[in-house]
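Down below is the structure, laid out as structure tokens.
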Amino acid sequence: VGAAPCSSTPSPESPGSILKHKVHAMPFTSHARLAGALLPSLAEAARVILSTREQGLVVDRKSDNSPVTEADRRAEAILTRAINDILPGLPVVAEESSAAGSAPPIGTTFILLDPLDGTRDYCAGRDDFTVNVGLIDDGRPVFGLIYAPAHRELYLTSAPGEAVAASFDCTSPRALSDLDLQKLHVRTGQTGRLSALVSRREAGTEFDDRLQRLGVTSRTPMSSAIKFGHLVRGDADIYPRFGPTCEWDTAAGQAIVEAAGGTVTALDGSPMIYGKSEAKFLNGPFVARGRIAD
């Protein structure tokens, strides 16, 4: 699948060493090594996503009436195999297999994978779609990677408390060490005068009222987890979501936002909890914020 080779008994310096330690205490290089090991298969999956659309899509419907394509399935298979090679034994909860009723049993540490977030935009010919990979430990995301193939935008946690972005072309991929990684920091917004990134699927009077109560005075509609990336690069102050999402939609983004100095919480300020298998990994409403000044 193009992933970096990994022995079944990983050394302390390999990405697989994550399994032997509390993820909260991952050494600085573990984030970067995991991201670097994922890049070849990420590029392969992205090429499949782009080429499948060019060749003409056949769109099916899942049980919740959301769209799914062959690109979703093939990208998920590529990335799941790669993650299994890189982190053997770690459960991978992926969107399409979960929708088919085959989510694996999970413990405290597992991967959340969305192989094609923003399928509606992808099918409509728009470019706001992403691949999301998040690592969960003890109910919280500690590593995140988001890639928007059509925009060539890559966002990831490169170390605990450090988020970076780079331009990454899946048609001529390079190693992580060869990319021009730019450190990311959320911007500071002014209470009552906030700029928001909002979903294209949320609109109407009630939605407008909710934004007003949050102090939002301007908005930019976008789709998929790319909104988390644009938040951490300082394009807006806040990203609220009142409609339904799943854990694989938000885990990578939350890890990146928090590493860049922001927060992601439920609307009432309580923590976002991950690993809710009994609830089919569904999220409640949430809000991602940069720094907000009074």
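Given a Förster distance of 51 angstrom, what is the FRET efficiency for THR217 paired with ARG81, based on the Cβ-Cβ distance and rounded to 0.05?
Numbers: r = 46 Å, r/R0 = 0.91.
That pair, THR217 with ARG81, gives E of 0.65.
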**Q.** Pairwise label distance in nanometres, PHE242 with GLU278, each label 7 Å out on the Cα-Cβ vector
**A.** 3.0
Q. How far apart, in nm, are two points set 7 Å out from the Cα along the Cα-to-Cβ line at ASP208 and at GLU54?
A. 4.3
Q | Prolate/oblate/rounded label for the range 91-213 (Cα gyration tensor, a/c 1.5) | A | rounded
(Q) Can you compute the modelled spin-label distance between SER270 and SER177, with each label point 7 Å from Cα toward Cβ, in nm? (A) 4.6
**Q.** Choice from ALA175, ALA103, ALA259 showing the highest fluctuation, given a GNM over the chain with Cα pairs closer than 10 Å
**A.** ALA175
Q: Work out the length of the dipole vector of the chain about its Cα centre, built from +1 on the beta-carbon of each Lys and Arg and -1 on the beta-carbon of each Asp and Glu, and round it to the nearest 20 debye.
A: 280
Q. Sorted by packing (mean other beta-carbon atoms within 10 Å per residue), highest first, where do 166-172, 244-250, 129-135 land?
A. 129-135, 244-250, 166-172
Q. Taking 0.36 nm per intervening residue step and subtracting the Cα-Cα distance, what contour gain separates ALA100 from ARG193 on full extension?
A. 29.2 nm
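Values quoted throughout were computed directly from the atomic coordinates according to the rules given, and no laboratory measurement underlies them. If you're wondering where the values come from, they're calculated on a predicted model, not measured in any experiment. Note that each Cβ is placed from the backbone with ideal geometry, even for glycine, and that neighbours are counted across all protein chains shown.
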